[in-house]
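Trainee: Please read through the structure below; I'll follow up with questions.
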Amino acid sequence: MSSPIQNVRGFGDVLPSEGPAWAFVEQTFRRELERYGYAEVRLPIVEKTELFSRAIGEVTDIVEKEMYTFIDRNGDSLTLRPEGTAGCVRAALQRGLLHNAQPRLWYSGPMFRHERPQKGRYRQFHQVGAEAFGVPGPDIDAELILLSGRILRALGVRDLRLEINSLGTQAARQRYREALIEHFQAHSSTLDDDAQRRLHSNPLRVLDSKNPAMASVIEAAPDLADYLDEESQTHFQSLCDMLDGAGQSYRVNTRLVRGLDYYGGTVFEWISADLGAQGTVLAGGRYDVLVEMIGGRPTPAIGFAAGLERLVALVEAANSAPSAPAPDAALVISDDSLQSDTLALAERLRDELPWLHLQMPLGGGSMKSQLRRANRSGAAVALIRGAEEAAAETISVKYLRDDLEQETVAIGELPKILSALQANRTGQY
């Protein structure tokens, strides 16, 4: 016998026991995003490699080390999407959604990066993202941040902190970039290989380094806030005023830069202390240059993305997801000769009661074993059919969760009895 095939490292399974938490997270995002006017867009998993190398930046870990890229049979270079924003912008531009409009879009699904798997971080991971186009002012920044906070509260995730910063305009970042290069060149002997490689191409990414040997040099680096122009300062101060007015607490972190080349202006992160070094659970910011980088007209834009694996872990730790619903009822039969017409009865009940969660006695077994299965399932009642009940077109109702006597009723009365039972138990399952 050959050995069982194992999953690919970093590509996990979501098991039935984890399903309720995943469904709760996904449904909460959908509900809150739609309340704010965001419409769902479904994007392909595979895109042209050029989309990501142009949008994310050639000198990033994602493009240099982490993308799953392959040449297809036509000789085209294709990539499994490592993030969602670039594909969403490509779709909005290609499909004409940006023409004289300010679309608000959201998407969800798997992303792929070849990195070392660790807690809350996998090679196939899942994200929900939201993107808003065409609004240049800080009002959309504030609303998107408040929306993200509302989602996290609705998930029952607590003890999070919001960090915000401004990366400024392109001109401001250029001045800051030059100051950073000068600072790090003066301490080049302390820079690791990644920092040396990025020093001239993307020096802001050096600030993102988690290398403890570089901590003091990074701490002593020039502060981005000192290089912001008046336009950037006014935008950021207006954002802070709006958050203050909404009662949203935050911390200005001038070292918060985000990892992708297209970000500029407002950036923000929601961070949990419960996830160790990889504590960011939702992050985003403005990317006013990205539409133009992909081939469109200059278009202001802002968005966020959240990793579902990390949020599911926090939801499970908080025990905030509802339990999987137990069956409302389980059918039990005395022998297999009743299987066919009991199956037909089950379908009639499902037609008449669309909410009904009904378990059939598939696989046979004694009535005793069927009742044990019904009890273990958490069903409210067992509906018992023997030869006598079948002949008389009745059914016995055995209450498994309530201290009530077993009763025999006409089949025609069953929908009314199940509806009354469901009404009494609403909210318990």
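The values are calculated or read from the model by the stated rules, or taken from the named source; none is laboratory data. It should be emphasised that the depicted structure is a prediction, and the values quoted were computed from it without experimental measurement. Heads up, the Cβs are rebuilt from the backbone with ideal geometry, glycines too, and the neighbour counts pull from every protein chain shown. Note: areas computed on protein heavy atoms with side chains; ligands, DNA, RNA excluded. Shrake-Rupley method; radii C 1.70, N 1.55, O 1.52, S 1.80 Å.
Trainee: Residue 395 passes all but one of (1) among the aliphatic types (A, V, I, L, M); (2) surrounded by fewer than 12 Cβ atoms within 10 Å (Cβ to Cβ); (3) in a strand (DSSP E or B); which number fails?
Mentor: (2)
Trainee: Any idea which residue in the range 5-29 is most open to solvent (accessible area, probe 1.4 Å), counting only those that are under 30 Å from residue 377 (Cβ atoms) and touching a Phe, Trp or Tyr at 6+ places or on another chain (Cβ under 8 Å)?
Mentor: That would be 14.
Trainee: Suppose we filter the range 89-131 for residues that are open to solvent by 60 Å² or more (accessible area, probe 1.4 Å), over 18 Å from residue 289 (Cβ atoms) and in contact with a Gly (Cβ under 6 Å, 6 or more places away or on another chain); how many remain?
Mentor: Of the residues in the range 89-131, 2 are open to solvent by 60 Å² or more (accessible area, probe 1.4 Å), over 18 Å from residue 289 (Cβ atoms) and in contact with a Gly (Cβ under 6 Å, 6 or more places away or on another chain).
Trainee: Among the candidates 96, 19, 75, 37, single out the residue that is more than 26 Å from residue 257 (Cα to Cα), outside any strand (DSSP E or B) and modelled with pLDDT under 95.
Mentor: 19
Trainee: Still on this structure, please answer the following. From the list 404, 371, 414, 356, pick out the single residue that is among the aliphatic types (A, V, I, L, M), under 40 Å from the mean Cα position of the chain (by Cα) and more than 17 Å from residue 334 (Cβ to Cβ).
Mentor: 356
Trainee: Looking at (1) open to solvent by 20 Å² or more (accessible area, probe 1.4 Å); (2) in a loop (DSSP other than H, G, I, E, B); (3) modelled with pLDDT of 90 or more, which is the only condition residue 341 fails?
Mentor: Unmet for residue 341, out of (1) open to solvent by 20 Å² or more (accessible area, probe 1.4 Å); (2) in a loop (DSSP other than H, G, I, E, B); (3) modelled with pLDDT of 90 or more: (2).
Trainee: When the residues of the range 356-392 are narrowed to those that are touching a helix residue (DSSP H, G or I) at 6+ places or on another chain (Cβ under 7 Å) and assigned to a loop (DSSP other than H, G, I, E, B), which ends up nearest to residue 415 (Cα to Cα)?
Mentor: Among those that are touching a helix residue (DSSP H, G or I) at 6+ places or on another chain (Cβ under 7 Å) and assigned to a loop (DSSP other than H, G, I, E, B), it is 356.
Trainee: Still on this model: Hey, could you check the range 32-52 for residues that are among the acidic types (Asp, Glu) and over 18 Å from the mean Cα position of the chain (by Cα) and say which is most open to solvent (accessible area, probe 1.4 Å)?
Mentor: 50
Trainee: Looking at residue 248 and the list (1) in a loop (DSSP other than H, G, I, E, B); (2) modelled with pLDDT under 90, which single condition is not satisfied?
Mentor: The one condition residue 248 does not meet is (2).
Trainee: Does any residue of the range 144-160 turn out to be surrounded by 20 or more Cβ atoms within 10 Å (Cβ to Cβ), β-branched (Val, Ile, Thr) and within 15 Å of the chain's Cα centre (by Cα)?
Mentor: The answer is yes, given that some residue of the range 144-160 is surrounded by 20 or more Cβ atoms within 10 Å (Cβ to Cβ), β-branched (Val, Ile, Thr) and within 15 Å of the chain's Cα centre (by Cα).
Trainee: Moving to a separate point now. Which of (1) in contact with a strand residue (DSSP E or B) (Cβ under 8 Å, 6 or more places away or on another chain); (2) loosely packed, with under 12 Cβ neighbours inside 10 Å; (3) charged (D, E, K, R) does residue 230 not meet, given it meets every other one?
Mentor: Only one criterion is unmet by residue 230, namely (1).
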